[in-house]
Every structure is written in C-alpha cells, then in structure tokens.
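Everything below concerns the one structure shown next.
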C-alpha cells in the first residue's frame, strides 16, 4: 500500500535465513559503525532469540546512541489542549463515542496558566497535543495557542520550543503552522498495517489512511524542517510495525534528505472505554520492546527516539540503555491537569490513557543523573538554524554533540540553580562537575564560561 510495501515486509518476516546467528552477528558488527542498516538487516535483528545476541544487540545500540548523542537525555512535557475529537479510534479514550469521558478544551487564559506551571517546574520544551476537531484544533486556534505559550516568561525562564502533535493538515495549513515558530511536527500512523488500520478507525477523518501517511511529505514540502513519526505498538505484530516504521523513515530520507527528527514508540496502554486498549490484540512484552527500540536505533542512528511516561520507571531505565534519547517527565494527559491536583480533578475522567510513571520532573532528573545520564533542556538548534538537512548532516556524521553537550550542560545548570530540590542539587551538582571535568581542550573552557554566565544570572545561554 503506497510506499509501505506489505508484501516485501511479509516476505522478510517469512524468510528463515534471517534467523541465522552468523548473519545476525555480522550485521551487529556493521551496525557499530553508526551508518544505518537495510530493511533486510533490520528484519534479521528482529529475529534474534539467543540470549548472547540479545546482550550484544543492546550493547551495540547503546554504543551507537552515545556515539551520536552522548549520554544526554532530552526532557519535555506534553501539554494537552483539548480532548474533543470527531474520530472514533478504538484504542483512544478521546474517541467520540466515549460518553463517560469529560470533555474539555482550554481557553487561552487556561493555556497560559498551564504553561506557567510547566515553566515553574523547569520545563523548557513542550509537545502540544490536540484531539481532532474542526473548531478546537483549527489552524487559527493552534496559532493562538502557540503565541500564548511563547509569551510566558518567569525571571528569564520560558518555553523555548513548542512541538506540535495535531491531525494531518493541508499543504497551506502546514505553511501556516510553520509560520507560528514550531519545532517538530509530530504525527503517528498508529499502525502501518492497512487492514488493521481500517478496522480500528471505523469512522471520522482519521479513517483516511493515505491522508495520514503522506502528512510528513506535505509538512516537509510546506517548509517544516523537522518531523516526528511513530507507531502505537500492540495493534499488530511488532515486527511488521517496526519494519514499516523504518520503511517510512527511509522513504522520507531518500526523497528529502531529511529523515524523521524523532521516532516515538508508545505501547498500547489501558484507556477509558477503549476496547482495543483493554485487550491489546498484539501485546508487546518487555524483552521484545527493548529489542525493537534497539533495532530502530541501529537502523536509523541519527533519529531521536522518544519514550513517554506510558511506561513504568523500571522499564524506562531499561530503555535508556538500548537507544532512547528523549523522554517526557512529570507528564499528565488530560487538558488542564497540570495546575490542578490529580485528586481534585479526577484526571482519569479526562485523560487519553493511563500513565506508568507518575514521578515529577525533579525526581526524574535526579534518577537520570544517578544512572549516569545528562538531563538536557537544550533548545538551541532552533535558534541557530540547525534544523532540517543542517541538523541531519551534523547528526549523521556524529558531530551534533559538539553543540549539544555544552548546551545541555548549561541548561542543566540553569535547571539546578532555579528549580531543583536540595537533594537533587547535591546529587546532580556532583554529577555536573564530573561531566565538565571529562571535557577536554577549548570546549571545556567554553563550557566553564557558559556555566559562569548562568551562575551570574544569565539565562538561555547557548552555542
């Protein structure tokens, strides 16, 4: 179907030769070069079943991730603007036939209040999430929302990058979205398996498989530099879904020279009155989940792999080790849920799905540093025109870290000075000191200068 060649994918899945341990070892050796893999090689790695090769797969994935992005983990928070939706997706609590869900669309004043809460927690980048609705997700409403978010400032702290997850737009509306100063446009196909897609999207605009599939083409043609794709794992066989997702990424890269800036890998989680979420037709176990993330990392080394708070903390820690590079933290998935306590809001009556990680941002930051990862709040690339093909050139060559590491350290220091708890300041302060000591030459001098500027009260210091 279209550029997703189901016959080719199924032939790969049926090819017994791809279960050869010798072949898999050879592919893992090649993968360590961080130059990517073919779809056939990815299929072979998805067939790994040997405990020894599992260990090597995960080790190689971590190596490749660190070769491109170092030990950094980029942090963000989703901001749900509306749960009004005209679709009837069988896996989502927002579906229009869910009569038990309390519907809410935030006013601009409420959006500003939510944003202020996130800024006061220390967040610097957010992902806007809208249900599909002609009025409450119109292009004008999206523009007004973004403008309201960007104008919030608290002692030099603000949201510096707004990414947007909204239903596919027309070419003209994508041009308008670009003019609002967004970061990445994100949209998930949910499943690339055509028959499954039609079954779980029985009605609504989302039923149009092709319109959604080609959303990234329209976005890139309209001038949006960075796009993010994803699949909802659990709707069909995870091996098929992974290969189709990779096929989409490679198609974009071959046509535009710009592959996906991010790939998201959510697993199907329970959601209010969502039948497919209650009994996932193809539930993905933890080991297979680790495997598919590692294969994505080795196949598309340059992409940012996003992990959300759908997963429990212990699973998130495992996935940090196999290639994840961006995580949400302190998340809530209902409109208006940040500035209200979960107890008073009855959040489950408004939320899209259940969360697995309920820790706040400070707890996640502290945990990351204890695990040896550098929390990054950097948004510098979008102010320095390192986007699109320019970002891809730096990421594919492994040179993006020359900018990202200094900027990550400066923004982390900013967080520690302004928002961290005393416990986190103590633990993370020692971690930050060791990170700086591990830098050599002129880069260390630049970092020390930037840290000095932050300590002197400057904000948004970046290279």
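The values are calculated or read from the model by the stated rules, or taken from the named source; none is laboratory data. Nothing here was measured: the structure is a model prediction, and the numbers come from that model. Here Cβ is always computed from backbone atoms with ideal geometry, including for glycine, and neighbour counts include all displayed protein chains.
May I ask you to verify whether residue 263 is in the same structural domain as residue 369 (by TED's automatic domain parsing), modelled with pLDDT of 95 or more, assigned to a strand (DSSP E or B) and touching a helix residue (DSSP H, G or I) at 6+ places or on another chain (Cβ under 7 Å)?
Numbers: in the same structural domain as residue 369 (by TED's automatic domain parsing): yes; modelled with pLDDT of 95 or more: yes; assigned to a strand (DSSP E or B): yes; touching a helix residue (DSSP H, G or I) at 6+ places or on another chain (Cβ under 7 Å): yes.
Judged against the criteria, residue 263 is a match.
Please state which of the following conditions residue 192 fails to meet, knowing it meets all the rest: (1) buried (at least 21 other Cβ atoms within 10 Å of the Cβ); (2) touching a strand residue (DSSP E or B) at 6+ places or on another chain (Cβ under 6 Å); (3) outside any helix (DSSP H, G or I).
(2)
On the basis of being modelled with pLDDT under 90 and either in a helix (DSSP H, G or I) or farther than 28 Å from residue 297 by Cβ (or both), does residue 389 make the cut?
On the way: modelled with pLDDT under 90: yes; either in a helix (DSSP H, G or I) or farther than 28 Å from residue 297 by Cβ (or both): yes.
Yes.
Listed here are the residues, each with its yes/no results for (1) buried (at least 18 other Cβ atoms within 10 Å of the Cβ); (2) part of a helix (DSSP H, G or I); (3) in contact with a helix residue (DSSP H, G or I) (Cβ under 8 Å, 6 or more places away or on another chain); (4) in contact (Cβ under 8 Å) with a residue 24 or more places away in the chain.
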| position | (1), (2), (3), (4) |
| --- | --- |
| 123 | yes, no, yes, yes |
| 129 | yes, no, no, yes |
| 136 | yes, no, no, yes |
| 142 | yes, yes, yes, yes |
| 149 | yes, yes, yes, yes |
| 159 | yes, no, yes, yes |
| 164 | yes, no, yes, yes |
| 168 | yes, no, yes, yes |
| 177 | yes, yes, yes, yes |
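Residues in segment 219-264 that are under 16 Å from residue 2 (Cβ atoms), over 19 Å from the mean Cα position of the chain (by Cα), surrounded by 19 or more Cβ atoms within 10 Å (Cβ to Cβ) and without any contact (Cβ under 8 Å) to a residue 60 or more places away in the chain: how many?
Of the residues in segment 219-264, 0 are under 16 Å from residue 2 (Cβ atoms), over 19 Å from the mean Cα position of the chain (by Cα), surrounded by 19 or more Cβ atoms within 10 Å (Cβ to Cβ) and without any contact (Cβ under 8 Å) to a residue 60 or more places away in the chain.
Could you tell me whether any residue of segment 426-437 is touching a residue at least 24 places away in the same chain (Cβ under 8 Å) and not in a helix (DSSP H, G or I)?
no
Report, by residue number, each residue of segment 20-68 that is farther than 18 Å from residue 304 by Cα and outside any helix (DSSP H, G or I).
Selection gives 20, 38, 47, 48, 49, 50.
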